[in-house]
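Here the structure comes first, spelled out in structure tokens, and everything after it is commentary.
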Amino acid sequence: MITLYNYTPSGNCYKVRLLLAHLGIPFAPVEIDLTRGEGRTPEFRAKFPLGRVPVVVLDDGTQLAESNAILWYFAEGTRYVPPDSLGRAEVLQWMFWEQYSHEPFVAVARAWLKYFGVPAGKEAELRERQARGEQALDVLERRLTDHPFLAAEAYTIADIALFAYTHVAGEGGFDLAPRPAIRAWISRVRDQPGHVPIV
Ligand SMILES: N[C@@H](CCC(=O)N[C@@H](CS)C(=O)NCC(=O)O)C(=O)O
């Protein structure tokens, strides 16, 4: 059975748990409590050179890190990745965008406000990240106004990647109330067979 090194409140780890639930793939979770620094110990860093969770360890011992790479690995050949090259490229577009233009702002604001505290002297940085997060949510709202899902008009791992932190954006100080298209999409994602909540 595969092992998932996991921190349960992490949206990046939740992406993997959600896809594995859709696919009915069992896994053995190993909880790494990041609030206790368990992801920064020399042992953890020696074992996992990329230094972050999620990490999946396959049956043959191979490690795979980076949430969206893990999604791609398990989803290829399933209904969660489109069969055509344009659809696949659209999925990748939204997954790359998530990592560069959404997660660093929405997820970090949430992590600081809800789990770790705002680091000393970083109050202005928090406001800047929240402003950039608002811009990202506006992009999502526009896209979802006339598309049911982010890519290829179907529920894919692009939706899983973006759902993970968007549906808990309120914990980072973001307001989804004036964003009806995002709220309707959140409901559609929750209606997918095999959906599991973040905790
Ligand atoms: N790009 C990575 C980001 C992973 C990441 O930032 N993981 C966080 C938890 S959400 C982590 O392990 N942080 C540990 C630390 O910074 O010490 C991914 O998508 O998997």
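The accessible area of LEU140, taken with all protein chains in place and a 1.4 Å probe, comes to roughly 0 Å². Counting only DSSP beta bridges whose two residues both lie in the chain, roughly 60 percent are antiparallel. Scanning residues 5 or more positions from VAL55 or on other chains, those with amide H under 5 Å from its amide H are TYR5, with H placed 1.01 Å from N in the peptide plane. With helices as the sole contributors, the chain gives -14500 deg cm²/dmol at 222 nm; each DSSP H run of n ≥ 4 counts as -39500 (n - 2.57), and the sum is divided by every residue. For MET95, MET1, the ranking by accessible surface with the largest value first comes to MET1, MET95, using a 1.4 Å probe. Compute the separation of the alpha-carbon centres of region 98-131 and region 8-44 and state it in Å as a whole number. For region 98-131 versus region 8-44, the Cα centre distance is 20 Å. Accessible surface ranking for SER10, SER85, SER187, SER101, 1.4 angstrom probe, highest first: SER85, SER187, SER101, SER10. When only C-alpha pairs under 8 Å and at least 6 residues apart count, what is the relative contact order of the chain, in percent? Once normalised by length, the contact order is 25 percent. What the phi angles of region 169-180 give under the Karplus curve with 6.51, -1.76 and 1.60, with θ = phi - 60°, is a coupling list of 4, x, 5, x, x, 9, 10, 8, 4, x, 10, x Hz, glycine and proline written as x.
Kirkwood radius, region 25-130, all distinct C-alpha pairs, inverse of mean reciprocal distance: 16.4 Å. Based on the Cβ-Cβ distance from GLN99 to GLU134, what FRET efficiency comes out when R0 is 25 Å, to the nearest 0.05? E(calc), rounded to 0.05, equals 0.85.
Across the chain, the volume of the C-alpha convex hull divided among the residues equals 118 Å³ per residue. Taking amide hydrogens as placed 1.01 Å from N in the peptide plane, the amide H of ILE2 sits under 5 Å from those of ALA28, each at least 5 positions away in sequence or on another chain.
With the whole protein complex present, LYS114 retains an accessible surface near 100 Å², based on a 1.4 Å probe.
The heavy atoms of PHE174 present about 10 square angstrom of accessible area, all protein chains included, probe 1.4 Å. Where does the Debye-calculated log10 I(q)/I(0) of region 71-182 sit at q = 0.14, 0.17 Å⁻¹, using only Cα point scatterers of equal weight, no solvent? Values, matching the q order: -0.58, -0.80.
Extending 7 Å from Cα along the Cβ direction at LEU176 and again at ALA69 yields two label points whose distance is 2.9 nm. Listed by chain and number, the lysines whose alpha-carbon sits under 24 Å from that of LYS122, ignoring those within fewer than 8 places in the same chain, are LYS114. Between the residues PRO26, TYR5, LEU144, the greatest Cα displacement towards the positive end of the dipole of the chain, with unit charges on the Cβ of Lys, Arg, Asp and Glu, is found for TYR5. Quote the charge dipole size of region 52-199 about the Cα centre in Debye, to the nearest 20; the model charges only the Cβ of Lys and Arg (+1) and of Asp and Glu (-1). Its charge dipole is roughly 380 debye. Site pair ALA154 and THR62 shows an inter-label distance of 2.4 nm when each label is modelled 7 Å from Cα along Cα→Cβ. So, in nm, how far is label ASP33 from label ASP146 when the simple model puts each one 7 Å beyond its Cα toward the Cβ? Calculated label separation equals 5.0 nm.
The values are calculated or read from the model by the stated rules, or taken from the named source; none is laboratory data. The structure presented is a predicted model; accordingly, all values stated were derived computationally and were not measured. As a convention, Cβ positions derive from the backbone with ideal geometry for all residues, glycine included, and neighbour counts pool all protein chains shown. Side chains are part of the model used for accessible areas, which takes the heavy atoms of the whole protein and leaves out ligands, DNA and RNA. Shrake-Rupley method; radii C 1.70, N 1.55, O 1.52, S 1.80 Å.
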